[in-house]
Amino acid sequence: MKILGYAATNPSAPLAPFSFERREPRADDVVIDILYCGVCHSDLHQARNDWGFSTYPIVPGHEIVGRVRTVGSEVSKFKAGDLAAIGCMVDSCRVCQPCQHGLEQYCEEGNIQTYNGQDRHDRSTTYGGYSQSIVASQDFVLHVPKNLDLQGAAPLLCAGITTWSPLRHWQVDANSKVAVIGLGGLGHMAIKLANALGAEVTLFTRSPGKEADARRLGASHVVVSTDEAQMAQVQNQFDLIIDTVPYVHEINPYLSTLTLDGTLVFVGLVGDAPQFSTVPLLLGRRSIAGSCIGGIAETQEMLDFCGQHGIAADVEVIDIQNINAAFARMLKSDVKYRFVIDMASLVD
């Protein structure tokens, strides 16, 4: 099944039109015509081989929303014409302990990534959502609530679930105080979701100019993290801090703002962790943790919750021909708050 997409062919090459073969659908597969695909920082990192494991050519994209074209003979969860979505993974071993508990993102064999991965059955390369269509097992395809804006729904498949999963794991509710470090694609979703769960939400930012937008998104408070007086006022407050910053940064000032048994969880940083003092950890039984996307059931829960509460990402829709300019702007944080590709532009 030959289709058109956009691919990087080496670490320095711009993304360009690329024709490739999708694997033939199997009995449990769903074939989805892609309508919109979000643009994630990890798309850029993998296109540039920043993490050292990219295999070329790469067709990025793991925030996929589309419509089902056909289904295999064993498919019972979807039918032609249904709205459907795919996130960061398209398979896992399904039998290890994490998989058995609906935590496929932590599959002990490693989940199969939506792109730059290898199919478990035929070892073919997986290609992502910067393309016309995609094929995946029904067990890794999500239902999209009909009332959600489809453009704004696309980033929920990564930015949404990446922030939803720690909110659920640490049992955030109306009695919780949550802080978010950084106001980007992940940060703006963390604020929206925590607020919808009833938590009192604070944004930590280095930029005073972000206060109005943070409040619009659902933050009750904004703390400028470089202001020592403001930081002193929020000591011992937060049950959970979601750190969305995607590069190494200082975390010591935030640790003492956690309450007893509070946790700072990394969701944006991939790679070496910053140095930190154990003193605030020991004196407050505080924790530093990490969290990676979410399982399939949890992702469906998040989509349903967003449908119930009318939550979608704030997006700027682009044509696929502008993806390289979007990458450049994303590096400068020049987007509020997620680029989404209108895949109809691919065939124009």
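For GLU228, GLU21, GLU63, GLU211, give me the order by solvent-accessible area with a 1.4 Å probe, most accessible first, ignoring ligands, DNA and RNA.
GLU228, GLU21, GLU211, GLU63
At 222 nm, what value in deg cm²/dmol follows for the chain if DSSP H runs of at least 4 each add -39500 (n - 2.57) and the sum is divided by all its residues, to the nearest 500?
-6000 deg cm²/dmol
Taking the Cα atoms of region 160-290, what is the range of coordinates along each of the three principal axes, in descending order and whole Å?
Reported extents, whole Å, longest axis first: 35, 30, 30.
How big is the accessible area of TRP170 in square angstrom, nearest 10, if you roll a 1.4 angstrom probe over the protein chains?
80 Å²
Evaluate the Kirkwood expression for the hydrodynamic radius of region 97-152, namely the inverse of the mean inverse distance over all pairs of different C-alpha atoms, and round to one decimal in Å.
One decimal place: 13.4 Å for the Kirkwood radius.
For region 65-122, report the translational diffusion coefficient in µm²/s to the nearest whole number, using Stokes-Einstein at 25 °C, 0.890 mPa s, and a Kirkwood Rh over Cα pairs.
In µm²/s, the coefficient rounds to 191.
In whole percent, and with a 1.4 Å probe on the protein chains, what portion of the accessible area of the chain is carbon and sulfur?
Here carbon and sulfur together make up 49 percent of the probe-accessible area.
Sort out for me the Cα centre separation of region 273-333 from region 123-159, rounded to whole Å.
17 Å
Quick one: accessible area per residue over the chain, 1.4 Å probe, rounded to a whole number of Å²?
42 Å²
How big, on average over all directions, is the shadow cast by the Cα convex hull of the chain, in nm²?
16.9 nm²
Check the chain and count each lysine pair with an alpha-carbon distance under 17 angstrom, considering only pairs eight or more places apart or from different chains.
7
Please calculate the 1.4 Å probe accessible area of HIS169, with all protein chains present, and give it to the nearest 10 Å².
Roll a 1.4 Å probe over it and HIS169 shows about 130 Å².
The values are calculated or read from the model by the stated rules, or taken from the named source; none is laboratory data. Computed from a predicted model, the values in this text were never measured in an experiment. These area figures cover heavy atoms from the full protein model, side chains too; ligands, DNA and RNA do not enter into them. Shrake-Rupley method; radii C 1.70, N 1.55, O 1.52, S 1.80 Å.
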